[in-house]
1. Only one of Thr69, Thr42, Thr85 is among the hydroxyl-bearing types (Ser, Thr, Tyr), assigned by TED's automatic domain parsing to the domain that holds Ala160, outside any helix (DSSP H, G or I) and without any contact (Cβ under 8 Å) to a residue 24 or more places away in the chain; which?
2. Within the stretch 88-105, how many residues turn out to be more than 12 Å from Gly43 (Cβ to Cβ), in a helix (DSSP H, G or I) and not β-branched (Val, Ile, Thr)?
3. Which one is surrounded by the fewest Cβ atoms within 10 Å (Cβ to Cβ) among residues in the stretch 36-62 that are within 17 Å of the chain's Cα centre (by Cα) and of a type in the set (A, V, I, L, M, F, W, C)?
4. Which residues, taken from the stretch 26-35, are surrounded by 13 or more Cβ atoms within 10 Å (Cβ to Cβ) and at pLDDT 95 or above?
5. Looking only at residues in the stretch 198-247 that are within 23 Å of the chain's Cα centre (by Cα) and in contact (Cβ under 8 Å) with a residue 24 or more places away in the chain, which one is farthest from Thr36 (Cα to Cα)?
Amino acid sequence: MALVTLNRPDRLNALTAEMGPNYARLLRELDSDVQTRAVVVTGAGRGFCSGADLTTLGGTVEELQSYVTGQDVSTLPVVALTLSTPVVTAINGPCAGIGFVLAISADARFVHPEATLSTTFARLGLVAEYGVAWLLPRLIGLPAATDLLLTGRTITGIQAGDLGLAQVSADPLASALEWAQDIATSSSPASVATMKRQLLQADQLTLSSSVDASLVEMSRAFELPDLAEALTARSQKRAPQFPSATS
């Protein structure tokens, strides 16, 4: 398990143009390490991520283009959804703009009840950035996502929990670490990787094609040694040692 900390506490961990791609690259590197079974992401100090650094947003048009030039899903925080390794975010404080996108691009989210979250884009004359218009409705439904995007209003961690956006915790980092540790010790890496892919592709499939695809994946799973290990571990009342964790 790996812990990633956004570390600009004096700026509430606001992202520079370089930090987004660096974060995405780090996630991809961790994903390629078979010893990393889960990734936990949080912010240093009292904030999670306050968005893009406003000092850079005040630059020239040419400077601002660095936030988009050459970027794609592999170089942005949303890459977390495409990885085989599960990612969980611990939202410990202010979370806005691209920080909001980074936070919700995880497979699970834990939020402090007094944390604040906002898309902010509309209030800055910007648009729904980095795929958030695709992701947010999938998490909380179209009406609630439309509200948060068009108003740019701030909600609390409690309200985020009520929307189903995140699980509320008095200690989000501890909860995120517990969630990650449970997966790292109890879940088959091969199963997790396949299910992440299935979830990402679900919107592109009909029910019939989804069932057909799942039958193919089930057949593949039956050929792996993980099922036999899981059954043996249960009979011996021990934690499983999945072969796919080291392959």
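The values are calculated or read from the model by the stated rules, or taken from the named source; none is laboratory data. The structure presented is a predicted model; accordingly, all values stated were derived computationally and were not measured. As a convention, Cβ positions derive from the backbone with ideal geometry for all residues, glycine included, and neighbour counts pool all protein chains shown.
1. Details: Thr42 fails: without any contact (Cβ under 8 Å) to a residue 24 or more places away in the chain; Thr85 fails: without any contact (Cβ under 8 Å) to a residue 24 or more places away in the chain.
On inspection, the qualifying residue turns out to be Thr69.
2. Step one: of the stretch 88-105, the residues more than 12 Å from Gly43 (Cβ to Cβ) are 88, 97-98, 100-101, 104-105.
Subset that is in a helix (DSSP H, G or I): 98, 100-101, 104.
Of the ones still in play, those that are also not β-branched (Val, Ile, Thr) are 100.
So the answer is 1.
3. Val39
4. From the stretch 26-35, those surrounded by 13 or more Cβ atoms within 10 Å (Cβ to Cβ) are 26-28, 30-31, 34; that's our starting set.
Matches in the stretch 26-35: Leu26, Leu27, Arg28, Leu30, Asp31.
5. The initial filter retains those residues of the stretch 198-247 that are within 23 Å of the chain's Cα centre (by Cα), namely 198-205, 244-245.
This time we only want the ones that are in contact (Cβ under 8 Å) with a residue 24 or more places away in the chain, so: 200, 203, 244-245.
Numbers: Leu200: 21, Asp203: 28, Ser244: 12, Ala245: 9 Å.
Residue satisfying both the conditions and the ranking: Asp203.
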